[in-house]
Ligand code: FES
Ligand SMILES: [Fe+2]
């Protein structure tokens, strides 16, 4: 599960004020909540009294404006340090739960899961936040697959041919270039499309924003982030795919969308653009559930360089070893 890598657990907009949310990382469960000031906290999800899930409880606002999470079983309250106040004596205890260490950068909530950091947090999301409009998040899903399989799918430039074929009317994938910079890489390929049929446009109006040839530029930050740089006459889109190893068997993924409109029509399409990304993730999650795990790969296709990049980085993590995979 690549301990020592940073994972983006959430964008602040994914949390509702004073509503506990359950998050998983490295096989552990946490309760995460945001108070009215926007401060985000996370504690192990197990109540130290009798083991109830704190994420099933609620938040209690304090006089200073912060909030505590309240256990749904016997209503013990825990502050962000994991301390509780005992009913009766009214004494505040020492921390009973060790908070999960979060690194907050603007609206981005990162964590190393309490492990020693081995690689840095990518800067690029902060740049997007400064330069583009935040359109929203979508496709938040826990997929029953391991991290490696999830990443292989994301860096598989041939799966558009099958998994996403009908959605985008893709004719073929014309691979152009791969630039390997260790844990950072770029992939460029073109996908000519057949003309969208009216019924498809009605179903997914966002495909109106797609050009005749989708020129894909993927920018990858191993292991947690893949960015689809999309450009069409009506909009520039930065579609950021995030990954989180919830456990050995489950991997969470979601999309954060940033963009710049070049035409007012984009504002009407916003929800549809998010819906389209959601559909894409649905298709990926679906196929990942229909693969026999640990099947030895006997056939290799052209342009599997992205997957080679994932495998190399996975095996040598946190180091980067030869070969250089640029082509
Ligand atoms: S189990 Fe949480 S207060 Fe009792
Ligand atoms: Fe996909």
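Rule-based calculations on the coordinates, nothing more; no lab input. Quantities reported herein were computed from a predicted structural model and do not represent experimental measurements. All Cβ positions, glycine included, derive from the backbone under ideal geometry; neighbour counts span all protein chains shown.
Pulled fully out, how much extra length does the chain show between residue 208 and residue 166, if you take 0.36 nm times their separation in residues and subtract their Cα-Cα distance?
That pair, residue 208 and residue 166, stretches by 13.6 nm at full extension.
Given points 7 Å out from each Cα along the Cα-Cβ axis, report the residue 60 to residue 73 separation in nanometres with one decimal.
Placing both labels 7 Å along Cα→Cβ, they lie 1.7 nm apart.
For the pair residue 267 and residue 176, how long in nm is the line joining their label points, each one 7 Å along Cα→Cβ?
Label at residue 267, label at residue 176, 3.2 nm between them.
Quick one: if the Förster radius is 25 Å, what FRET efficiency do residue 118 and residue 12 give, using the C-beta to C-beta distance and rounding to 0.05? Please list the in-between numbers first.
Numbers: r = 26 Å, r/R0 = 1.03.
Rounded to the nearest 0.05, the efficiency is 0.45.
Which value in deg cm²/dmol, rounded to the nearest 500, describes the helix-derived mean residue ellipticity at 222 nm for the chain, given -39,500 (n - 2.57) per DSSP H run of n ≥ 4 and division by the residue count? Walk me through the numbers before you get to the answer.
Working: 6 runs with 62 residues, N = 327.
Helices in the chain give a 222 nm mean residue ellipticity of -5500 deg cm²/dmol.
To test your reading of the geometry: what angle, between 0 and 90 degrees and rounded to tens, separates the Cα axis of helix 265-288 from the longest principal axis of the chain?
Tilt relative to the chain: about 90 degrees.
Shape verdict for the chain, please, from the Cα gyration tensor: rounded (a/c under 1.5), prolate (a/b greater than b/c) or oblate.
prolate
How would the range 1-136 be classified by its alpha-carbon gyration tensor: rounded, prolate or oblate, with rounded meaning a/c under 1.5 and the a/b versus b/c comparison settling the rest?
Prolate shape, in that a/c is at least 1.5 and a/b is the bigger ratio.
Could you work out the relative contact order of the range 7-111, using alpha carbon pairs under 8 angstrom and six or more residues apart, expressed as a whole percent?
About 25 percent, as a whole number.
In what order do 327, 300, 270 fall by count of nearby beta-carbon atoms within 10 Å, going from fewest to most?
The fewest-first ordering by Cβ neighbours comes to 300, 327, 270.
How high is the relative contact order of the range 124-316, in percent, with contacts defined as C-alpha pairs under 8 Å that are six or more residues apart?
That works out to 30 percent.
Between 122, 99, 264, where does the largest GNM mean-square fluctuation fall for the chain, given springs only between Cα atoms within less than 10 Å?
Greatest mean-square fluctuation among the candidates belongs to 264.
Can you tell me the length gained on complete extension of the stretch residue 184 to residue 297, counting 0.36 nm per residue apart and subtracting the Cα distance? Please list the in-between numbers first.
Numbers: separation 113, 0.36 × 113 = 40.68 nm, distance 2.53 nm.
Gain on stretching residue 184 to residue 297: 38.1 nm.
Which residues in the range 163-181 place their backbone N less than 16 Å from a point set 7 Å from the Cα of residue 199 along the Cα-to-Cβ direction?
Under 16 Å, as judged by backbone N against the label point of residue 199, lie 166-169 of the range 163-181.
Which whole-angstrom value gives the distance between the alpha carbon centres of the range 260-327 and the range 154-225?
The range 260-327 and the range 154-225 have Cα centres separated by 10 Å.
Can you give me the relative contact order of the chain as a percent, contacts being Cα pairs under 8 Å and 6 or more apart?
18 percent
Express in nm, to one decimal, how much length is gained between residue 105 and residue 52 on full extension, taking 0.36 nm for each residue of separation and deducting their alpha carbon distance. Numbers along the way, then the final one.
Details: separation 53, 0.36 × 53 = 19.08 nm, distance 3.10 nm.
Taking 0.36 nm per residue and subtracting the Cα distance, the gain is 16.0 nm.
Given a 10 angstrom Cα cut-off, can you work out which residue in 90, 139, 57 is the most mobile in a GNM of the chain?
Maximum among the listed residues: 90.
Compute the helix-to-body angle for 305-316: its Cα long axis versus the longest principal axis of the chain, expressed 0 to 90° and rounded to tens.
So the helix axis and the longest Cα principal axis differ by about 40 degrees.
What does the highest-first list of 189-199, 40-50 look like by mean Cβ count within 10 Å?
Order by mean packing, descending: 40-50, 189-199.
Can you figure out the FRET efficiency of residue 131 with residue 91, using R₀ = 41 Å and their beta-carbon distance, to the nearest 0.05?
Approximately 0.25, to the nearest 0.05.
Sorted by packing (mean other beta-carbon atoms within 10 Å per residue), highest first, where do 236-247, 283-294, 6-17 land?
Details: 236-247: 21.8, 283-294: 12.9, 6-17: 18.8.
In decreasing order of mean packing, 236-247, 283-294, 6-17 become 236-247, 6-17, 283-294.
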